[in-house]
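A.B. asks: Questions regarding the structure given below will be posed in turn.
The values are calculated or read from the model by the stated rules, or taken from the named source; none is laboratory data. Fair warning: this is a prediction, and the values are worked out from it, not measured in the lab. Cβ sites come from the backbone with ideal geometry, for glycine too, and all protein chains shown count toward neighbours.
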């Protein structure tokens, strides 16, 4: 695929000055109508059963996409998907899985922790399964098995 710059260079090589003038006018027109707008950022709204019912209502009665519903209601598209596909957030049940996860996250935040600050599980040196395979004793039966650790 030819880029616009390559196309312009070809026009110059061929001496097509009228085409270059038209191209420049189009550029100036586009610069005049171009605007820089801020990206749409959805600031999370707290999910409630009422909001979940609004999501289901919009999904059932309109042709809106999940992203459009999310933007209109001020929630994350993932939350819209959870409500539509999994029926989450439709009750005020404090023992619902999504409510339990939310409460744990709020408790961590109150303590000043973040999920990334917790230590990771220690892993074996050398990348897990391959190093475990290299440390296994060879199978008996006359033939030894070559492992990646032997190379």
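A.B. asks: So which residues in the stretch 82-115 are closer than 13 Å to residue 53 by Cα and touching a residue at least 12 places away in the same chain (Cβ under 8 Å), if there are any at all?
C.D. replies: If the condition is that a residue be closer than 13 Å to residue 53 by Cα and touching a residue at least 12 places away in the same chain (Cβ under 8 Å), then 82, 83, 84, 88, 89, 90, 91, 92 are the ones that fit.
A.B. asks: A further question follows. Could you tell me which residue of the stretch 20-66 is nearest to the chain's Cα centre (by Cα), considering only residues that are part of a loop (DSSP other than H, G, I, E, B) and at pLDDT 90 or above?
C.D. replies: From the stretch 20-66, those part of a loop (DSSP other than H, G, I, E, B) are 34-48, 62-65; that's our starting set.
Checking the rest, the ones that are also at pLDDT 90 or above come to 62-65.
On the way: 62: 25, 63: 23, 64: 20, 65: 17 Å.
Looking at residues that are part of a loop (DSSP other than H, G, I, E, B) and at pLDDT 90 or above, I get 65.
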